[in-house]
1. Among residues other than LYS163 whose Cβ falls under 13 Å from its Cβ, what is the net charge (Lys/Arg +1, Asp/Glu -1)?
2. Calculate the dipole size of segment 447-596 relative to its Cα centre from +1 charges on Lys and Arg beta carbons and -1 charges on Asp and Glu beta carbons; express the result in debye to the nearest 20.
3. Given 25 °C and 0.890 mPa s, compute D for segment 169-287 with the Stokes-Einstein relation, Rh being the Kirkwood radius over Cα pairs; round to the nearest whole µm²/s.
4. Taking one equal scatterer on every alpha-carbon of segment 581-695, how large is log10 of I(q)/I(0) by Debye at q = 0.11, 0.12 1/Å?
5. In Å and from the alpha-carbon atoms only, list the Rg and Dmax of segment 401-441.
6. Using the beta-carbon distance between SER535 and ARG391 and R0 = 35 Å, what value does 1/(1 + (r/R0)^6) give for FRET efficiency, to the nearest 0.05?
7. Please work out the Cα convex hull volume for segment 130-229 and give it in Å³ per residue.
8. Using a simple charge model, +1 on the beta-carbon of Lys and Arg, -1 on the beta-carbon of Asp and Glu, nothing else, what dipole does the chain show about its Cα centre, in debye to the nearest 20?
Amino acid sequence: MEIPAKYDPSGIENKWYQYWLDHKFFHSVPDEREPYTIVIPPPNVTGVLHMGHMLNNTIQDVLARRARMQGKNTLWLPGTDHASIATEAKVVARLKEQGIEKSSLTREEFLKHAWEWKEKHGGIILEQLKKLGASCDWDRTRFTMDDSMYESVIDVFIDLYNKGLIYRGVRMVNWDPKALTALSDEEVIYKEVKSKLYYVRYKVEGSADEWVTIATTRPETILGDTAVCYHPEDERYRHLAGKRVLVPLIKRSIPMIADEYVDREFGTGCLKITPAHDVNDYMIGQKYNLESIDIFNDDGTLNEKARLYIGQDRFRVRERIVEDLLNHGHIWKIEDYVNNVGFSERTDEVIEPKLSMQWFLKMDAMAKPALEVVMNDTVQFHPEKFKNTYRHWMENVRDWCISRQLWWGQRIPAYYLPSGEVVVAKTAEEALEKARRLTGNAGLAADDLRQDEDVLDTWFSSWLWPISVFDGIRNPDNPDIKYYYPTNDLITAPEILFFWVARMIMAGLEYRNEVPFGNVYLTGIVRDKLGRKMSKSLGNSPEPLELIARFGADGVRVGMLLTSPAGNDLPFDESLCEQGRNFSNKIWNALRLVKGWTVDNSLPQPAYAMASVQWFEARFNDALAQIEDNFAKYRLSEALMAVYKLIWDDFCSWYLEMVKPAYQQPVDRATLEATNRFFGKLMQVLHPFMPFITEEIWQLLEKRKEGDSIMVSAMPVSEKADKELLAAFEFAESVVIGIRNIRKEKNIPFKDSIELLIKGENPASQFDEVVAKLGNASAITYVTEKPATAAGFLVKATEYYIPLGEGVDLEAERERLEKELVYMQGFLDSVMKKLGNERFVNNAKPEIVENERRKLADAEAKIELLKSQLDELF
């Protein structure tokens, strides 16, 4: 069989992915097998593949492929999220390019444009995931605005409203002036910003020249002030009790009030109170029944209630009002100041605290059981350290603002009567029926009701994802939800631990009385070499599909996983992908080597090959047990590294060298069959990490029939490894390395055979034939005395010698031995120092102390040998 000289992933990847699709290997339906289920964290329908997706989905695919090979009925369910804010922003921008304003369209007209955009651009990311090798069941692809998903969200809203958990009220919310919608607290990102602290003077009403000074970072909100507050125990201001002050520039009279909320040490100890534009001021305003004056329009410009700067942007007003305050003598001083400012997670716009009528979901009762199942490990976090973060969030949970002032999303099923009363119903017809019953007015018509204009927060649909993808809300006893729920593993990012993970747990407990998944694997952030988060805005994020084109999907997958332990950030460098590609080439060259052998059925199996096969069998089982343990502990990076070393070091660098026949000589049948068997097993163990090259090689190793695939073959299971055999080979390995070092130092070419003399016990005698082959030793002889004119080395307590012929440079040999003696004496000193430290001996683990004692004995024996060799040399 002609094997190409170089591995070319491009054609191979397309070939096998199509083969898998054609044979529906990714597809799952309920049956009698144990299910294994992962639901994809649905990427935004607007999205394209970035490095975070690459990492997350590679991990999901590794787990899914491995479970499939373990005989489980594996379903990795894909889908996308409608992403209200991001998608609506893109559609609005596209319409603007066409000269169309959203405000000129009806809701139905706008939604038609949004759906057209979704059909054209949505789902790109899912197609890109196929290039990565994602083994999703594409027949089950879901979208959060699919009819069944949409209806599930509406059903849940109605149910929670009827349970008294959803309510409507005026609250201080996080307002995004760019997206023109409220945000939940979790959608606000706080950043340190270099600001100014303005000290502003308010004149005491009725006084000749008495002033009160406050400090603020937001002078534009002065126009909405309705009080000035001081601490009741602050002697500086107690005389102002009952007095009033005048708001600068507009001279509105407002009261001085006293409250313990005020920090006497901050600024001047006096605080301006603007209930409509600060959450803490709002609470004080409620306490003292203060007027709330909302001076901002939804887009962040000032309205008529501000009385000044009407229609101007809030940040432009900040500049202008500071100028006017200075001109009127109202500013005492200005200081540089660093403060935390809230930004919209979606638009990066500075958030405006705003009083607004919104819909909220009560969280206290739902949060308690969702906290308990994580703390008692019903749901296990990997790594466990994130339990503390989760607990902090859940113990400080606030009611969830679930309404958004958008059109793209699930419209809130609330209908308003002319009287202002509200009915919640699934359809307009049901709402009318309810309204007639509520009012007793049978003459009410459909036109008398008005449906709420808002849609639900995107997270209000995605919190149902593990249930709604199986239609478990509408049809709670259908075969899919009963078979696939709860799912097994969730792979996601720590930053959405509360946004999504916690809420899915709440929804699972509420609607299935069961957690939605057993394990949560939390990935780190992909960063560049400078430690910066990769992003398109910084220009430091490589294009994933370009990486795949250059290094192959397998190479990129290995590159992503080699340095990404759970929960830790991934310091990504393209050289990691290059390492992955080099690994592909290494395996490919090993295949070419083995396929290049000719077999002679009449040949008996040589002793060296028999010993080699026995060793690799033990080594394979030993490594496989370690790999299985890593998977059990969700240490995927470590599992990959163990497979990598098993193939690169043990199989390619040692085993193949041990068993390969001499140049242009045939191999025996038993050795070839064992080698092919090992190669196939190695490809199976590697397959979850590198699906494409492993399929290609598995298919080439022996004749397969149509419909065969490595991805549905049985994953090898570790058997008991012969530890004594492994220890013996480790000893033999050191002997081979010692021979190679002597050859290098003495310039003895490998083609020149040597004689190997052994003085002392040889615990690796069963590998003498292997040592002879790898060291090109014509004879191995056991001696009781050190021979004259021989180069030697020590492995533990056993001495090895290679007789040297004429022409040896004795001076060079003396220098080499003396240099090695100095090194060993230094090493011995360091070990003795450590063992002479009582704290180390008493506190270290016994096995560590014992290991140091072995090092001491070995070093002393080595020094004695070196001294003996020097003595005999001269």
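The values are calculated or read from the model by the stated rules, or taken from the named source; none is laboratory data. Please read these numbers as outputs of a predicted model, since none were measured by experiment. Cβ coordinates were reconstructed from backbone atoms using ideal geometry, including for glycine residues, and neighbour counts include every protein chain displayed. Note: areas computed on protein heavy atoms with side chains; ligands, DNA, RNA excluded. Shrake-Rupley method; radii C 1.70, N 1.55, O 1.52, S 1.80 Å.
1. So the environment of LYS163 carries a net charge of -2.
2. Values: 16 positive and 21 negative charges, 253 e Å.
Rounded to the nearest 20 debye, it is 1220 debye.
3. 158 µm²/s
4. Relative scattering, expressed as log10 I(q)/I(0), comes to -0.37, -0.43.
5. 11.6, 35
6. With R0 = 35 Å, the Cβ-Cβ based efficiency is 0.70.
7. 225 Å³
8. Dipole about the Cα centre, nearest 20: 940 debye.
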